[in-house]
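The values are calculated or read from the model by the stated rules, or taken from the named source; none is laboratory data. Model, not experiment: these values are computed from the prediction. For neighbour counting, all protein chains shown are included, and Cβ atoms are generated from backbone atoms with ideal geometry for every residue, glycine included. To get the accessible areas, we keep the full protein, side chains included, count just its heavy atoms, and leave off ligands, DNA and RNA. Shrake-Rupley method; radii C 1.70, N 1.55, O 1.52, S 1.80 Å.
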Amino acid sequence: VLSPDRLRAKRRSTQVYEMDKAVEINGCGTRNKAVVQAAAIAAKEPTANSSSKGTDGSTWRYNHKEDRLATELLSTQEEYEQLVKRILDKNVPSPYIVAIDKDDEDGLDKREIYLWLAFPPADDEGKEKDSEEGWGRVQIPLIPLANLLAEAFDNQITSNALCFITDASSALSSEVLHHVLDSDDNLGAVVKEPSWMVVVARILQRNFIQKENVGNILFALTRLEAWRLRNRVGASRTVVFTLPGQAVTPALLPLLYKSFPHERHVFAYDTCFESVARGLMLRKSTVKLSGMMLPGGNGGAGGGSLVVDEALRMPSWVTSSAPISQLKSIRKLGDALADLPADQAGIIEAWVASIDAFLKLKEEERTNNYTPFVCRMGFIMGRTGLGNLASDKVEELNELALVNLLQYITGSRSRPLKGETVIAAKKALEEVKAKCVDDSEPYKQFSHDQKKLLEACCFLHHGILIGDKTLMDTVQPRKEWSLKAARKLQSCACCDPEEEDEEYEDGDDTNNAAGDGESSKVDMTMPGAFAMGLNKRPNAVAGNGEGAPAAKKKQTGYVDGSRGAGAFDLSKFG
């Protein structure tokens, strides 16, 4: 029998293998690049399960030997600058991010990390043409291009806003919100779990590149994705990024917020029971396909649509259960995880690590102004109420929670969403809810002893469950919702509030409707409100810009969990 430390190390090697197989950051060969990295696009066709409205429905194909001959390798500063000019030219189609990898055949430096881009062919009007012919492929050193792109985009003024959805729900938030946002053109364009973000997280975690350069890479490539989708944003003028799973949150969230502090951020979480059940479902429902494990369903291995659809994003079964790095800040976590099966242990660790990253940012809220829309997926899925709310009112609460979230994502709080948009979103939510519930239900049959083991892992993180700090500022579904808790609640923000808390907030959170603290002084309903520094905006308030005095000390918004049940007291969730 292995000791807890040796068992954890053995499981970690399996997790690293799964992540490496999904993202070949070390250039371990080309066998799976056809599926995962997809270094060229053959056609632009929506899949059977994905509408083309507001999302990237492209299909991708890759033949390493053939495409290498057609790929242009750029190596001089002049070529880099010309490429940036070409990318920013509004009269030609923008490139697709194909891959970030090393080049085994690089005769100069096999440690160099390259970026592969694919330029689609253009029609007579300069728009992207649906054709298998005429694609231009470029290979370029990553850091020089990222630095030039970051500078170019930083100097560019745009009316499009960005919204980032960080996950702590085993990718439930990504699946649900992608389906909802895809239901209407006015809800913006969506980039779903891009594989290149996982590569960036791995680069950061392995210290391949200095952190400053990684920040430039993340900023440049994110803005490049948004630039490519600039004509598909609809009335909301918003590009939404769903981050690739809870496994990468510890690495990406701090750097992403530092790179985009004035854009919209959503932190979507679920209970550990629900997250484990969904993670198990994703892992168990997989099929072998072209040498790569991909989620099953949607027709299984039949046809090519599943391959090309999944190639656009990171496999959720990996990013929900293979932590990007071990969580070492919690004592005795290894002992608790040793009592769980390997699949459950990986999911729990990834989930706890994601929540931990969120809490660490919230601890510095007075200085970093991190005030995301904290979204409890139980509200969105219609399985959680408020206080003693009657069961027949839960559906109404569910719809209100959805509208609140869409108002934040699209920046339409002061400009109500169109009726047909709301109807389409509600219909899409009902469709995806039914599917997600049916898929996960068989994996929710935990015994009493199994629940105790899961709870034991969560209880070790006192910032999540016990003490004076719990997950705070969960947005309560209301017509006048707030990004900040109106006051310290007697019960915790992500469990059912006590009646007196709800009554207090009903009469008090109107004044806090736009959020608390410095961030509430920004008009988030304005398209592109966070596209430039706050001190440059017409409605800027003294104290928000660079060089402003430090924020005054104030309440952090932490909930006093010492008098109530734990933030993730599993008995509180239906």
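Would you confirm, using the coordinates I've provided, whether LEU177 is within 22 Å of the chain's Cα centre (by Cα) and crowded, with 18+ Cβ neighbours inside 10 Å? Yes: the conditions hold for LEU177. Filtering region 182-198 to residues that are assigned to a helix (DSSP H, G or I) and within 14 Å of the chain's Cα centre (by Cα) leaves SER195, TRP196, MET197, VAL198.
The residues of region 357-384 that are touching an Asp or Glu at 6+ places or on another chain (Cβ under 8 Å) and among the polar types (S, T, N, Q), listed by number, are ASN369, THR371, THR384. The requirement of being part of a loop (DSSP other than H, G, I, E, B), over 29 Å from LEU181 (Cα atoms) and either modelled with pLDDT of 75 or more or not basic (Lys, Arg) (or both) is satisfied by LEU489.
Scan region 132-168 for residues that are assigned to a helix (DSSP H, G or I) and open to solvent by 20 Å² or more (accessible area, probe 1.4 Å) and the total you get is 7. The residues in region 279-337 that are surrounded by fewer than 23 Cβ atoms within 10 Å (Cβ to Cβ), in contact with a Pro (Cβ under 8 Å, 6 or more places away or on another chain), part of a loop (DSSP other than H, G, I, E, B) and modelled with pLDDT of 60 or more can be counted, and the count is 3.
Does any residue of region 350-357 turn out to be of a type in the set (S, T, N, Q) and open to solvent by 10 Å² or more (accessible area, probe 1.4 Å)? Checking region 350-357: not a single residue is of a type in the set (S, T, N, Q) and open to solvent by 10 Å² or more (accessible area, probe 1.4 Å). The selection criterion, being touching a strand residue (DSSP E or B) at 6+ places or on another chain (Cβ under 7 Å) and either at pLDDT 90 or above or not acidic (Asp, Glu) (or both), holds for PRO244.
For (1) more than 29 Å from PHE208 (Cα to Cα); (2) in contact (Cβ under 8 Å) with a residue 12 or more places away in the chain; (3) not polar (S, T, N, Q), each residue gets a yes or a no:
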| site | (1), (2), (3) |
| --- | --- |
| SER75 | no, yes, no |
| ILE100 | no, yes, yes |
| LEU117 | no, yes, yes |
| LYS127 | yes, yes, yes |
| PRO141 | no, yes, yes |
| LEU145 | no, yes, yes |
| THR166 | no, yes, no |
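One residue alone among LEU406, LEU397 is surrounded by 14 or more Cβ atoms within 10 Å (Cβ to Cβ), in a helix (DSSP H, G or I) and over 23 Å from the mean Cα position of the chain (by Cα), and that residue is LEU397. One residue stands out in region 77-93 among those that are loosely packed, with under 14 Cβ neighbours inside 10 Å and without any contact (Cβ under 8 Å) to a residue 60 or more places away in the chain: the one that is farthest from LEU148 (Cα to Cα), namely ASN91. Out of (1) open to solvent by 10 Å² or more (accessible area, probe 1.4 Å); (2) touching a helix residue (DSSP H, G or I) at 6+ places or on another chain (Cβ under 9 Å); (3) on the phi < 0 side of the Ramachandran plot, the odd one out for CYS272 is which? Of everything listed in (1) open to solvent by 10 Å² or more (accessible area, probe 1.4 Å); (2) touching a helix residue (DSSP H, G or I) at 6+ places or on another chain (Cβ under 9 Å); (3) on the phi < 0 side of the Ramachandran plot, CYS272 misses just condition (1). Counting only strands (runs of 3 or more DSSP E) that sit completely within region 7-121, those holding 3 or more residues that are modelled with pLDDT of 85 or more and not small (Gly, Ala, Ser) correspond to 96-102, 113-119. Do we find a residue being more than 19 Å from the chain's Cα centre (by Cα), over 15 Å from SER183 (Cβ atoms) and free of Cβ contacts under 8 Å to residues at least 40 places away in the same chain anywhere in region 372-389? There is at least one residue in region 372-389 that is more than 19 Å from the chain's Cα centre (by Cα), over 15 Å from SER183 (Cβ atoms) and free of Cβ contacts under 8 Å to residues at least 40 places away in the same chain. Yes or no: region 221-232 includes at least one residue that is among the hydroxyl-bearing types (Ser, Thr, Tyr), buried (at least 21 other Cβ atoms within 10 Å of the Cβ) and in a helix (DSSP H, G or I). Yes, region 221-232 has at least one match.
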